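K.L.:
The following block contains the structure, expressed as structure tokens.
The values are calculated or read from the model by the stated rules, or taken from the named source; none is laboratory data. Please read these numbers as outputs of a predicted model, since none were measured by experiment. Heads up, the Cβs are rebuilt from the backbone with ideal geometry, glycines too, and the neighbour counts pull from every protein chain shown.
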Amino acid sequence: MKILTGSITPTSGVVKICNRNVLDSPIETKRKIGYLPEHNPLYLEMYVKEYLKFAANIHGIMNEQVDEIIKKTGLKNEQHKSISALSKGYRQRVGLAQALIHQPEVLILDEPSTGLDPNQRVEIRSLIKEVGQEKTVMLSTHIIQEIEAICDRVIIINKGKIVADKSIEELQSLTQKKKIITVEFNQSVNKKDLLEIKNVTEAIQLKGNRYQIISEAKFDLRSVLFQFAVAHNITVLQINVEEEKLETIFHNLTK
């Protein structure tokens, strides 16, 4: 089984769950963790606010905090509706509100956007990213774009073993064997002239006056390309460095 796990860590650093071993203090540990499973277990016959009050009572939390979490998770207009009447996106919000109701230090999410439409997915990702400003968020997902969109650290697990545990930028720098720069000039350029630039291994003309300049990963040729343009009395209209996609990195590490 191949799993992609990401984490969002607040600026203050990784939180400490408890002072002793988790097995020695299971109750204390659970108090500091919020959990949203892949198959969100909700009481569909209950109303949103009723359900969250029920969850709050389990944690011994005052009802005032229920109103705060409803507002934070964007459920204010839905709070008096039956959970069964909600869309999948709003049910995920209810599940997230339940996981956050006791103000945990660590939030664990399992496939939080599975089954959501594109708009709902964007909303949930935005909400998770916002929560990540205050808490450590760990999420497990097979959706590569989700990790790229909201996480600052990636753990790739292949057949039960961790094969990578780094930031996306570190993974790219370690696995990328070549650097691809796409540059657009204001006029056509002779490919032979581009190939004469030091450390350029390949030059490919795209549509119009756009070119792909390929070199070894250790070379950044952007400044050299600007110097080339000045020397040939042409203008650089656009220049971009193409980073290796996380999907490719995941495939290479788990194939």
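K.L.:
Can you name the residue in segment 137-162 that is assigned to a strand (DSSP E or B) and within 13 Å of the chain's Cα centre (by Cα) and, of all such residues, is nearest to G115 (Cα to Cα)?
P.N.:
First, the residues of segment 137-162 that are assigned to a strand (DSSP E or B): 137-141, 153-158, 161-162.
Cutting the leftovers down to within 13 Å of the chain's Cα centre (by Cα) gives us 137-141, 153-155.
On the way: V137: 20, M138: 19, L139: 16, S140: 15, T141: 12, R153: 24, V154: 22, I155: 23 Å.
My answer is T141.
K.L.:
Kindly indicate whether any position in segment 1-18 is at pLDDT 80 or above, more than 23 Å from I143 (Cα to Cα) and in contact with a helix residue (DSSP H, G or I) (Cβ under 6 Å, 6 or more places away or on another chain).
P.N.:
Initially, segment 1-18 is screened for residues at pLDDT 80 or above, giving none.
No, there is no match, as no residue in segment 1-18 is at pLDDT 80 or above, more than 23 Å from I143 (Cα to Cα) and in contact with a helix residue (DSSP H, G or I) (Cβ under 6 Å, 6 or more places away or on another chain).
K.L.:
Go through segment 188-205 and report how many residues are free of Cβ contacts under 8 Å to residues at least 12 places away in the same chain and assigned to a loop (DSSP other than H, G, I, E, B).
P.N.:
Looking only at that region, the number is 2.
K.L.:
Another one. Listed residues D152, D193, D165; which is in contact with a His (Cβ under 8 Å, 6 or more places away or on another chain) and of a type in the set (D, E, K, R)? Talk me through it step by step, then tell me what you get.
P.N.:
Details: D152 fails: in contact with a His (Cβ under 8 Å, 6 or more places away or on another chain); D165 fails: in contact with a His (Cβ under 8 Å, 6 or more places away or on another chain).
D193 is the lone residue from the list that is in contact with a His (Cβ under 8 Å, 6 or more places away or on another chain) and of a type in the set (D, E, K, R).
K.L.:
How do the pairs read when you match residues in segment 26-53 that are in the same structural domain as K76 (by TED's automatic domain parsing) and over 17 Å from Y90 (Cβ atoms) with residues anywhere that are in a loop (DSSP other than H, G, I, E, B) and among the β-branched types (V, I, T), using Cβ under 6 Å and keeping only pairs 6 or more apart or on different chains?
P.N.:
Between residues of segment 26-53 that are in the same structural domain as K76 (by TED's automatic domain parsing) and over 17 Å from Y90 (Cβ atoms) and residues that are in a loop (DSSP other than H, G, I, E, B) and among the β-branched types (V, I, T), the close pairs are T29/I17; T29/V22; K32/I17.
K.L.:
Hey, does segment 162-174 have a residue that's in contact (Cβ under 8 Å) with a residue 60 or more places away in the chain, exposed (fewer than 13 other Cβ atoms within 10 Å of the Cβ) and either out of contact with any helix residue (DSSP H, G or I) (no Cβ under 6 Å at 6 or more places or on another chain) or within 27 Å of I143 (Cβ to Cβ) (or both)?
P.N.:
At the first step, the residues of segment 162-174 found to be in contact (Cβ under 8 Å) with a residue 60 or more places away in the chain are 163-164, 168, 171-172.
When the remaining residues are screened for being exposed (fewer than 13 other Cβ atoms within 10 Å of the Cβ), the result is none.
No - not one qualifying residue is present in segment 162-174.
K.L.:
Of the residues K207, K191, K198, K159, which single one is assigned by TED's automatic domain parsing to the domain that holds L127 and over 18 Å from L246 (Cα atoms)? Quick ask: steps written out before the conclusion?
P.N.:
Working: K207 fails: assigned by TED's automatic domain parsing to the domain that holds L127; K191 fails: assigned by TED's automatic domain parsing to the domain that holds L127; K198 fails: assigned by TED's automatic domain parsing to the domain that holds L127.
After ruling out the rest, the residue left standing is K159.
K.L.:
Moving on. Hey, does segment 186-196 have a residue that's closer than 24 Å to V154 by Cα, exposed (fewer than 15 other Cβ atoms within 10 Å of the Cβ) and among the small types (G, A, S)? Working first, answer last.
P.N.:
As a first pass, look at segment 186-196 and keep what is closer than 24 Å to V154 by Cα: none.
Scanning segment 186-196, I find no residue that is closer than 24 Å to V154 by Cα, exposed (fewer than 15 other Cβ atoms within 10 Å of the Cβ) and among the small types (G, A, S), so the answer is no.
K.L.:
Ok, one more. Identify, please: which residue in segment 213-255 is part of a loop (DSSP other than H, G, I, E, B) and more than 28 Å from the chain's Cα centre (by Cα) and is, among those, surrounded by the fewest Cβ atoms within 10 Å (Cβ to Cβ)?
P.N.:
Taking segment 213-255 as the starting set, the residues that turn out to be part of a loop (DSSP other than H, G, I, E, B) are 217-221, 232-235, 243-245, 255.
Still in the running and more than 28 Å from the chain's Cα centre (by Cα): 221, 232-235.
On the way: L221: 21, H232: 12, N233: 7, I234: 15, T235: 11.
Selected residue: N233.
K.L.:
Another one. Of all residues in segment 36-55, count the ones that are within 25 Å of the chain's Cα centre (by Cα) and loosely packed, with under 15 Cβ neighbours inside 10 Å. It would help to see each step written out before you state the result.
P.N.:
First pass over segment 36-55, keeping only residues within 25 Å of the chain's Cα centre (by Cα): 36-41.
From the residues that got through so far, the ones that are loosely packed, with under 15 Cβ neighbours inside 10 Å too are 37-39, 41.
Residues that pass the stated criteria total 4.
K.L.:
Quick check: is even one residue across segment 64-72 surrounded by 17 or more Cβ atoms within 10 Å (Cβ to Cβ), under 23 Å from the mean Cα position of the chain (by Cα) and touching a residue at least 60 places away in the same chain (Cβ under 8 Å)?
P.N.:
no
K.L.:
Looking at (1) β-branched (V, I, T); (2) without any contact (Cβ under 8 Å) to a residue 12 or more places away in the chain; (3) closer than 21 Å to E64 by Cα, find the lone condition where V131 falls short.
P.N.:
That leaves (2) as the condition not met.
K.L.:
Among all residue pairs at least 6 apart or on different chains, which show Cβ distances below 6 Å where the first residue, located in segment 222-241, is touching a residue at least 60 places away in the same chain (Cβ under 8 Å) and the second is surrounded by 14 or more Cβ atoms within 10 Å (Cβ to Cβ) and in a strand (DSSP E or B)?
P.N.:
As it stands, the answer is V241/I181, since those pairs meet every condition given.
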